[in-house]
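Peer 1: Let me begin by handing over the structure; questions about it come next.
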Amino acid sequence: MARNKHRTLVKALILAPYLILLYILQSTVFTRLTLMGEKPLLLPMAVAGIALFLGRVDGGVFGLFAGMLTDLSYNQATVQFTLLLTLMGIFLGILSDTVLVQGFPSFLVSSVLELLLISAFQALSLVVLRGAPLSVTAAVGLRQSVYSLIFAIPVYYVSRFLCRVMGPGKGF
């Protein structure tokens, strides 16, 4: 029992600074580095990496906090990212525990699907709530996803490194 508490504390002490660093980069630095008016999303890719290497529980917990921070960085009152990233962390963790191989191809496919799903939800909410044209919102989402994928390699290697530092064992 004491070993599990110690393990949980170690994970939190390793993953919290990583999460905060990515949040700071996403919400401050990358707001200045736009490409065709788009800003990259780093936190969803980090959720994919943590879920891939640590499983559904850690992926879900990390997704919950990453989603809250992403909602904060977009200055929105909704919990859109909180729900999406939590569910994606759990789902990708389940896939990691059962069928996905822990490697860059699985991470890349997971990140692409995650970013496209997030873009689809953003586009749908803009179409439904604000009457924006679907073609425009879809193009914006696609550009944002492609721009975000430029940072897939560093996010993958940092996520993998941190999960290896924590050692084997699943679950917070």
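Peer 1: Being in contact with a strand residue (DSSP E or B) (Cβ under 9 Å, 6 or more places away or on another chain) and of a type in the set (D, E, K, R) is the filter here, so list the residues in the stretch 101-151 that pass it.
Peer 2: Scanning the stretch 101-151 gives a single hit, R143.
Peer 1: Moving to a separate point now. So, in the stretch 17-55, how many residues would count as being more than 10 Å from the chain's Cα centre (by Cα), crowded, with 24+ Cβ neighbours inside 10 Å and free of Cβ contacts under 8 Å to residues at least 60 places away in the same chain?
Peer 2: Summing the residues that are more than 10 Å from the chain's Cα centre (by Cα), crowded, with 24+ Cβ neighbours inside 10 Å and free of Cβ contacts under 8 Å to residues at least 60 places away in the same chain in the stretch 17-55 gives 1.
Peer 1: Of these, F53, F107, F65, F81, which one is of a type outside the set (G, A, S) and in contact with a Cys (Cβ under 9 Å, 6 or more places away or on another chain)?
Peer 2: F53
Peer 1: Please determine whether any residue of the stretch 122-135 is among the small types (G, A, S), surrounded by fewer than 21 Cβ atoms within 10 Å (Cβ to Cβ) and under 18 Å from R164 (Cα atoms).
Peer 2: no
Peer 1: Find the residue count for the stretch 79-93, including only residues that are farther than 12 Å from V47 by Cα and without any contact (Cβ under 8 Å) to a residue 40 or more places away in the chain.
Peer 2: Of the residues in the stretch 79-93, 2 are farther than 12 Å from V47 by Cα and without any contact (Cβ under 8 Å) to a residue 40 or more places away in the chain.
Peer 1: So, one more: I'm checking my understanding of the structure. Among residues of the stretch 147-172 that are within 19 Å of L92 (Cα to Cα) and part of a loop (DSSP other than H, G, I, E, B), which one is modelled with the highest pLDDT?
Peer 2: Applying the filter and picking the extreme gives P168.
Peer 1: In contact with a Gly (Cβ under 8 Å, 6 or more places away or on another chain), closer than 20 Å to L87 by Cβ and not acidic (D, E): which single residue out of S148, S125, S119 fits that description?
Peer 2: Answer to the check: S119.
Peer 1: While we're here: Collect the residues in the stretch 96-119 that are part of a helix (DSSP H, G or I) and over 16 Å from A46 (Cα atoms), keeping them in residue-number order.
Peer 2: Once the filter is applied, which keeps residues that are part of a helix (DSSP H, G or I) and over 16 Å from A46 (Cα atoms), the stretch 96-119 yields D97, T98, S119.
Peer 1: Here is a list of conditions, (1) modelled with pLDDT under 90; (2) surrounded by 11 or more Cβ atoms within 10 Å (Cβ to Cβ); (3) not aliphatic (A, V, I, L, M), and R143 meets all of them except one; can you say which number that is?
Peer 2: All conditions are met except number (1).
Peer 1: What residue, among those in the stretch 61-93 that are buried (at least 24 other Cβ atoms within 10 Å of the Cβ) and in contact with a Gly (Cβ under 7 Å, 6 or more places away or on another chain), is nearest to L162 (Cα to Cα)?
Peer 2: This residue is F62.
Peer 1: Still on this structure: Looking for something touching an Asp or Glu at 6+ places or on another chain (Cβ under 6 Å) and either modelled with pLDDT of 90 or more or more than 17 Å from F65 (Cβ to Cβ) (or both) - is there at least one such residue anywhere in the stretch 83-93?
Peer 2: Scanning the stretch 83-93, I find at least one residue that is touching an Asp or Glu at 6+ places or on another chain (Cβ under 6 Å) and either modelled with pLDDT of 90 or more or more than 17 Å from F65 (Cβ to Cβ) (or both), so the answer is yes.
The values are calculated or read from the model by the stated rules, or taken from the named source; none is laboratory data. These figures come from a predicted structure and were not determined experimentally. A quick note on method: Cβ atoms are made from the backbone with ideal geometry, for glycine too, and the neighbour counts reach across all protein chains shown.
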